[in-house]
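Remarks on the structure that follows.
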Amino acid sequence: MMGKRIGILGGAFDPVHKGHIHMAISACDELGLDEVWLMPVGHSPNKDENNMAPFQHRYNMCQIAAEPDPRLFASDFEVSSMSAWEGHNYTYRTLEKLDEVFHGNEFYFIMGGDSLDYFDTWVKPERIAELAKIAVVPRDQFDVPNLERKRDELGQLFPCSIEILHCAMNPLSSTEVRESLRVGKPLEDAFPPGVLEYIRGHELYRYGLNINS
């Protein structure tokens, strides 16, 4: 029995917004993926966790955001499977564990063009490229021609399969979305259905982090 083609979209999702869902659906449509797993990070080497909403809230918001599309799923895999690890949950470790638990499936690691630009500085990028194909969504100044040049540069450093998606760019950023919430002027059209209601109901961002919710 053939395995599934599964996209992994990791990130803080602090909060999840339509830009994230745009990335997931674009990857599904262009690459013919069976599923995309929205996987909030636990301990990220690139984030100040003291200023992040608690994991459970971020995971819950991903569940809400994924509901309208049957190909999308929220996954707590990184946190639930890596609890015994000390330190940060680096991407290569997550993919190693995914390959161990779900061996036989074909994984695509989905990232924004800005991430590809410094991908060679990640911890063990060659191992990431060994375990998964890379799917890149253009954003900001990282358009298709620039991404193609970066792909060629990376190919000189280590073997990698990098698919550049030709979808429209989405300008949303989590920083912009959080700031709009904190000043009490949320970008109403920035959120998948139900996410803004969840944020308001648990008094996230604008009202400070309600950790006990």
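The values are calculated or read from the model by the stated rules, or taken from the named source; none is laboratory data. Predicted model only: the values in this text are computed from it and were never measured. With ideal geometry, Cβ positions are generated from the backbone for all residues, glycine too; neighbour counts draw on all protein chains shown. Keep in mind that these areas ignore ligands, DNA and RNA; they rest on the heavy atoms of the full protein, side chains included. Shrake-Rupley method; radii C 1.70, N 1.55, O 1.52, S 1.80 Å.
Of note:
- Placing a label point 7 Å from the Cα of D114 along the Cα-to-Cβ line, the residues of the stretch 137-164 whose backbone N sits under 19 Å from it are 137-148, 150-151.
- Estimated distance in nm for a label pair at D140 and S180, the labels positioned 7 Å out from Cα along Cα-to-Cβ: 1.8 nm
- Relative contact order [Cα under 8 Å, 6+ residues apart], the chain, whole percent: 24 percent
- For K97, the aspartates and glutamates whose Cα comes closer than 14 Å to its Cα, not counting residues fewer than 8 places off in the same chain, are D76, E78, E106, E130.
- Counting only lysines at least 8 places from K185 when in the same chain, those with an alpha carbon closer than 19 Å to its own are K18.
- A full extension of the chain between D189 and K4 corresponds to an added length of 63.4 nm, given 0.36 nm per residue minus the alpha carbon distance.
- Mean separation of Cα pairs under 8 Å and 6 or more residues apart, divided by the residue count, gives the stretch 115-175 a relative contact order of 44 percent.
- Of all DSSP beta bridges confined to the chain, the antiparallel ones make up roughly 5%.
- Within the chain, helix-based [θ] at 222 nm, where runs of 4 or more DSSP H residues each add -39,500 (n - 2.57), nearest 500: -11500 deg cm²/dmol
- Scanning the chain for GluC sites (Glu not before Pro) in DSSP loops with at most 16 neighbouring Cβ atoms within 10 Å leaves 87-202 as the longest stretch between them.
- Taking all protein chains together and rolling a 1.4 Å probe, K4 ends up with roughly 90 Å² accessible.
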